[in-house]
Amino acid sequence: MLYKYHNAIILEKSRRSDEIIKKIVSESLKVEDVQDISLMDIRVGGEFCENCDACFDAVFNFNLILSFYVGDVDCVGVGRQKQAWRYSFLTDKAVHGLGDLSALRIDREPILSDKPLCYIDQNILTQAVNKKDILSLLLKIQDDHDIKIVCSVSHFEEIYKISDLESRQDFIDATVALTGEINLQPCSEDDRIKLFFENASITLSRVEMTSNSSEAVEMLKNLKDEDRRLYFEKYNNLDLRKKIGQAEKIFESLSDDEFSRLVCMSSPPGPRKIDFKGLTSHSSIRDAIYFLHNALDLISYKQDKSTRTQRSSAHDIEHLIYGSQCNYFITNDTNLRFRAVEIYSFLGVPIHVLPLSEISSIKI
Ligand SMILES: [Zn+2]
């Protein structure tokens, strides 16, 4: 994602002040130590251009460090204010990264399928690209069981990120072979998720135009770990997290009060458990799955620790959202399977969540 700065000096100021804030939050820097820092070095003076990310960051950081220095805010407060700043920065990028929407080309035709829908995640698609017999197996199962394999725009967002053009084309070809270019997409006219037939190149060109925005959304998602540290201290306890990790029907087992705080980040009366049942519009399903998936992150439920999988978790959410419209959700990612079962059963949607090895056991 593009980070704008008008010159190297301001970039250095925003970076240095970021470092200082990091140290304050981790309590390795006390108020007395701040005296030793020459605040003049990180202060933004006449060079403030009102037009770049680094300028706004540097000004915000300087004021925050100053508030800490004069005792207006403690290190926990510094952490929370910085976190809130990150959220607004990324939200802004997510909204403004959308570019000129009037140039978006949509050329699709709604499709009604009388066959059960079978959603495959990105990893299954990757396997079908890498191994021809997996692709053949999927196609055979589609025929034998009279089901319809579908992907969604989220697959195209991941395909778009493949920089090697030859490899990108392999993914497009596999998607086309499996789905016949019939994919789940949001429909803004009636706020539903629907099946559309659309040429893959058109879907991909639309994804390209919104790519900056998608990246910001992914980064927003990854702030959740920090949220836990700052706001849900209770769940930093490893034993408690282990206990939760072994539980089933997690959301139902939470008290109403705990549910509101953890899932909706609000105190009761906020959204209640009942508000998560029987949802039909794309926006309400999307919000619900975001809330629930984030809550699972906050308690570290079946969470992968590697950076690669953390980064892909924003796509996991998107896959869960589109998958909610299907009869089968196929993934080989064990953690995602556990999460899918928790989320779908709480939402009350009857979806079979299976690994690829069990796909041939599908009974219609
Ligand atoms: Zn500037």
Hey, could you check the range 47-92 for residues that are part of a loop (DSSP other than H, G, I, E, B) and away from the ligand (no atom under 14 Å from the Cβ) and say which is surrounded by the fewest Cβ atoms within 10 Å (Cβ to Cβ)? Gly71
Would you pick out the residues in the range 1-18 that are away from the ligand (no atom under 11 Å from the Cβ) and either surrounded by fewer than 16 Cβ atoms within 10 Å (Cβ to Cβ) or basic (Lys, Arg) (or both)? Met1, Leu2, Tyr3, Ala8, Glu12, Arg15, Arg16, Asp18
Can you tell me which of Val44, Val25 is surrounded by 12 or more Cβ atoms within 10 Å (Cβ to Cβ), β-branched (Val, Ile, Thr), under 25 Å from Arg228 (Cα atoms) and not assigned by TED's automatic domain parsing to the domain that holds Arg228? Val25
Can you report the number of residues in the range 107-150 which are in contact with a Ser or Thr (Cβ under 9 Å, 6 or more places away or on another chain) and not in a helix (DSSP H, G or I)? 8
Take Glu32 and decide whether it is more than 15 Å from the ligand (Cβ to nearest atom), under 30 Å from Glu198 (Cβ atoms) and exposed (fewer than 11 other Cβ atoms within 10 Å of the Cβ). no
Within the range 35-46, restricting to residues that are among the aliphatic types (A, V, I, L, M) and closer than 15 Å to Ile21 by Cα, the one that is farthest from the ligand (Cβ to nearest atom) is Ile37
What are the residues in the range 237-281 that are touching a residue at least 60 places away in the same chain (Cβ under 8 Å) and at positive phi, if any? Lys249, Gly278
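The values are calculated or read from the model by the stated rules, or taken from the named source; none is laboratory data. Worth saying up front: this structure is predicted, and the values here are computed from it rather than measured. Note that each Cβ is placed from the backbone with ideal geometry, even for glycine, and that neighbours are counted across all protein chains shown.
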